[in-house]
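First up is the structure itself, then whatever we jot down about it.
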Amino acid sequence: MKITLKVWRQANKDAKGSMKTYRLDDVSEDMSFLEMLDMLNEDLTTKGGEPVAFDSDCREGICGMCGVVIKGSAHGRYESPIATTTCQLHMRYFADGAVIEVEPWRAGAFPVVKDLVVDRSAFDRIIQAGGFISANTGSAPEAHSTPAPKHLADRAFDNACCIGCGACVAACPNGSGMLFTAAKITHLANLPQGQPERHSRVKAMVAAHDGVGFGGCQNVGECAAVCPKKVPLESIAQLNRDLFASLFKSV
Amino acid sequence: MSVQQKAVRSTVVKKAIMALTGLVLVGFLLMHMFGNLKVFAGPAEYNHYALWLKQDLLYPILPHGWFIWLFRIFLILCVVLHLYCALRLTQASLRGRGTPYVRRKRKEQTFSVRWLRWFGLLLIALISFHILMFTTGTFTPGFEYQFEDPYSMYVGAFQVWWVFAAYGVFMLLVCFHLRHGFWSAFTTLGANVGPSSRLTLNLLAYFFAALLFVGFLLPATAVFLGWVI
Ligand code: FES
């Protein structure tokens, strides 16, 4: 198939970027979106041009490294019939002759490093603030020693699925990282291991979220709609409930 | 600043303040709508109710005429808090949003949330206008300011076509603002616990928005068409 790409090119963090147009002629519909970008880069490199910088790692939809806005939706979510990451989006969902805009995640807290690569360390700041449980190292405890109710374990798992790709922020009209933060909060708050730090965690993570420059949530729902792991919007309500309760606790 | 202090000042708490003050204002609108519907009961009923509200409500716990001022102060406080949090959150959003996209597709955003902030600002202007007309009597198209006879002010004003038209627009903005606001308030307060509560809250939001629109426009339309004089 033939496609026309309009790709955001930006030399570095401080440079002014713009959309550049490229044409590709023999794209196979079995290619993933990233393989198609690889093809473009091969083409650019042989012609002596600068390849397009983009992030990727596992290319299996499980690491959260990849992510660009395709035709106006994060991970090209609105081109695909199923929830997907950019690496698992396939060219068969695009029409022959399609014009495809490719842009980086855009958010105040995710500055562009180069072309389609953004700096997502703002997410790391949120995790560092409390997205973990404190445990003494040593041999792993026996799994059955802390039983977890099935429905809570399921809810925790649905949220633990978050791969931290940042699509929620990219899709949010407020540039809010609330779905990401809520996924981590909901994951840990529904498991016995998460209880001791439950109150201090939510306060610290929300404070970090606001501190690194994410916007506030307006309950729009764009985040959950593009999430490749289908983290539900309800998680944000759980974060809110936990935060309100935590404000009355001294920890 | 300690973590506790940061959490208290967080966007989530500002949203909760907006939710609570917003719901107070929705409650006020419902009460106001109920009062307006008394136009259908005739001038005596309507005026009696209006004067009771302004002079005798909560008497003798409070002296005559005190309730209305305490209530006004409370409402103004709610509006100010709502506005202050909205401004701070908008500031955070502008910063959070960063450079705009060249192309962006929106799937979930409703009309009411996209215009939420603008409609909110417009509402302040329209509410001020409303107060200048019926409360202070500074601006009186179609009627004369009479404290003792609010019925005649209501009827006089809505016989003027542009007052009626402007009122229709005003109420439409209120209802759009409330459509997102209602669902968002309950979600912010933690009531969105699953897909079915999401549906319920959204349906309730549509219901209250529609109820207020119909409830406010029914008596105004009746006056405009000359059914009530
Ligand atoms: S590259 Fe790992 S999720 Fe796409």
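Can you tell me the convex hull volume per residue for segment A:3-103, based on C-alpha atoms, in Å³ to the nearest whole number?
Dividing the Cα hull volume of segment A:3-103 by its residue count gives 102 Å³.
Quick one: Debye curve from the C-alpha atoms of the protein assembly as shown, no solvent, what's log10 I(q)/I(0) at q = 0.12, 0.13 Å⁻¹?
After summing over all Cα pairs, the log10 values are -1.05, -1.15.
Can you list, bin by bin at 5 Å, the percent of alpha carbon pairs in segment B:3-224, starting at 0?
Calculated P(r), rounded to whole percents: 1, 6, 11, 16, 17, 15, 12, 9, 6, 3, 2, 1, 0.
Report the antiparallel proportion of the DSSP beta bridges in chain A as a percent, rounded to a multiple of 5.
75 percent
At a probe size of 1.4 Å, how large is the accessible area of A:ASP25, to the nearest 10 Å²?
90 Å²
Under 5 Å between amide hydrogens, which residues at least 5 positions from A:ILE100 or on another chain qualify, with H placed 1.01 Å from N in the peptide plane?
HN-HN under 5 Å from A:ILE100: A:THR4, A:LEU5, A:LYS6.
Provide the buried accessible surface between chains A and B in square angstrom, both chains summed, 1.4 Å probe, rounded to the nearest 100.
Summing both chains' loss of accessible area gives about 3800 Å².
Using heavy-atom solvent-accessible surface (probe 1.4 Å) with all chains present, what is the largest-first order of B:THR21, B:THR99?
B:THR99, B:THR21
As I understand it, the value is the acute angle between the Cα axis of helix A:33-46 and the longest principal axis of the Cα atoms of chain A; what does it come to in degrees, rounded to 10?
50 degrees
By how many degrees, between 0 and 90 and to the nearest 10, does the Cα long axis of helix A:121-130 differ from the longest principal axis of chain A?
Around 10 degrees separate the two axes.
For chain B, what does the relative contact order come out to in percent, with C-alpha contacts under 8 Å and a separation of six or more?
28 percent
Ignoring ligands, DNA and RNA, what percent of the accessible area of segment A:3-103 is carbon or sulfur (1.4 Å)?
About 46 percent, which is the carbon plus sulfur part of the accessible surface.
If you fit an axis through the alpha-carbon atoms of helix A:150-160 and take the longest principal axis of the Cα set of chain A, what angle between them do you get, 0 to 90°, nearest 10?
Result, in degrees: 40.
Output ³J(HN,Hα) for segment A:187-195: one whole-Hz value per residue in order, computed from phi by the Karplus curve 6.51 cos²θ - 1.76 cosθ + 1.60 with θ = phi - 60°, and x for Gly and Pro.
4, 7, 6, 9, 10, x, 5, x, 5
Whole-Hz ³J(HN,Hα) for each residue in segment A:209-223, computed from phi via Karplus 6.51 cos²θ - 1.76 cosθ + 1.60 with θ = phi - 60°, x for glycine and proline: what do you get?
4, 5, x, 8, x, 7, x, x, 7, 10, 6, 7, x, 4, 4
Could you report segment B:3-224's accessible area per residue, 1.4 Å probe, as an integer in Å²?
With the other protein chains kept in place, segment B:3-224 gives 53 Å² per residue.
Quick check: Cα centre of segment A:172-251 to Cα centre of segment B:200-229, how many Å?
Segment A:172-251 and segment B:200-229 have Cα centres spaced 38 Å from each other.
Taking every DSSP beta bridge with both residues inside the protein assembly as shown, roughly what % is antiparallel (nearest 5)?
75 percent
Quick check: with the 1.4 Å probe, what order do A:LYS47, B:LYS54 take by accessible area, largest first?
Largest accessible area first, the residues go A:LYS47, B:LYS54.
Which percent, nearest 5, of DSSP beta bridges in segment A:3-103 are antiparallel?
So the antiparallel bridges in segment A:3-103 amount to around 75 percent.
Skipping prolines and chain starts, which residues have an amide H placed within reach, meaning under 5 Å, of the one on A:GLY215, given they are 5 or more residues away or on another chain?
Counting only residues 5 or more places away or on other chains, the set is A:SER176, A:GLY177, B:GLY96.
Can you put A:VAL212, A:VAL231 in order of accessible area, largest first, using a 1.4 Å probe?
A:VAL212, A:VAL231
Name the residues of segment B:92-130 whose accessible area falls by at least 50 Å² when all protein chains are present instead of the chain alone, probe 1.4 Å?
Correct list: B:ARG95, B:GLY96, B:ARG97, B:TYR101, B:VAL102, B:ARG103, B:ARG104, B:LYS105, B:LYS107, B:GLU108, B:GLN109.
With θ set to phi - 60°, apply the Karplus curve 6.51 cos²θ - 1.76 cosθ + 1.60 along segment A:225-231 and write out the HN-Hα couplings as whole Hz, x wherever there is a Gly or Pro.
Per residue, the Karplus-derived 3J(HN,Hα) values read 5, 9, 4, x, 10, 6, 5 Hz.
Dividing the Cα convex hull volume of segment A:162-251 by residue count, how many Å³ per residue is that?
Normalising the Cα hull of segment A:162-251 by residue number yields 86 Å³.
Please give the solvent-accessible surface of A:MET205 in Å², to the nearest 10, using a probe radius of 1.4 Å with every protein chain present.
Roughly 0 Å² of A:MET205 is accessible to a 1.4 Å probe.
Leaving out ligands, DNA and RNA but keeping every protein chain, what accessible area does A:ILE133 have, in Å² rounded to the nearest 10, with a 1.4 Å probe?
Accessible area of A:ILE133: about 70 Å².
Over segment B:93-193, what portion of Cα pair distances is larger than 23 Å, expressed as a whole percent?
It works out to 48 percent of all Cα pairs.
Based on a Kirkwood Rh over C-alpha pairs, give the Stokes-Einstein translational diffusion coefficient of chain A at 4 °C and viscosity 1.567 mPa s in µm²/s.
67 µm²/s
Give me the percent of the accessible area of chain B that comes from carbon and sulfur atoms, probe 1.4 Å, all protein chains in place.
Whole-percent figure for carbon plus sulfur exposure: 73.
Taking amide H positions as placed 1.01 Å from N in the peptide plane, with prolines and chain starts having none, which residues 5 or more places from A:LYS20, or on another chain, fall under 5 Å of its amide H?
A:VAL7, A:TRP8, A:ARG9
If you roll a 1.4 Å probe over segment A:128-227 with all protein chains in place, what percent of the accessible area is carbon or sulfur?
Carbon-and-sulfur percentage of accessible area, whole number: 59.
So what is the calculated 222 nm ellipticity per residue for the protein assembly as shown, using -39500 (n - 2.57) for each DSSP H run with n of 4 or more, over all residues, to the nearest 500 deg cm²/dmol?
-17000 deg cm²/dmol
The values are calculated or read from the model by the stated rules, or taken from the named source; none is laboratory data. Small disclaimer: the values here were computed from a predicted structure and weren't measured. Protein only, heavy atoms only, side chains kept; ligands, DNA and RNA dropped before computing areas. Shrake-Rupley method; radii C 1.70, N 1.55, O 1.52, S 1.80 Å.
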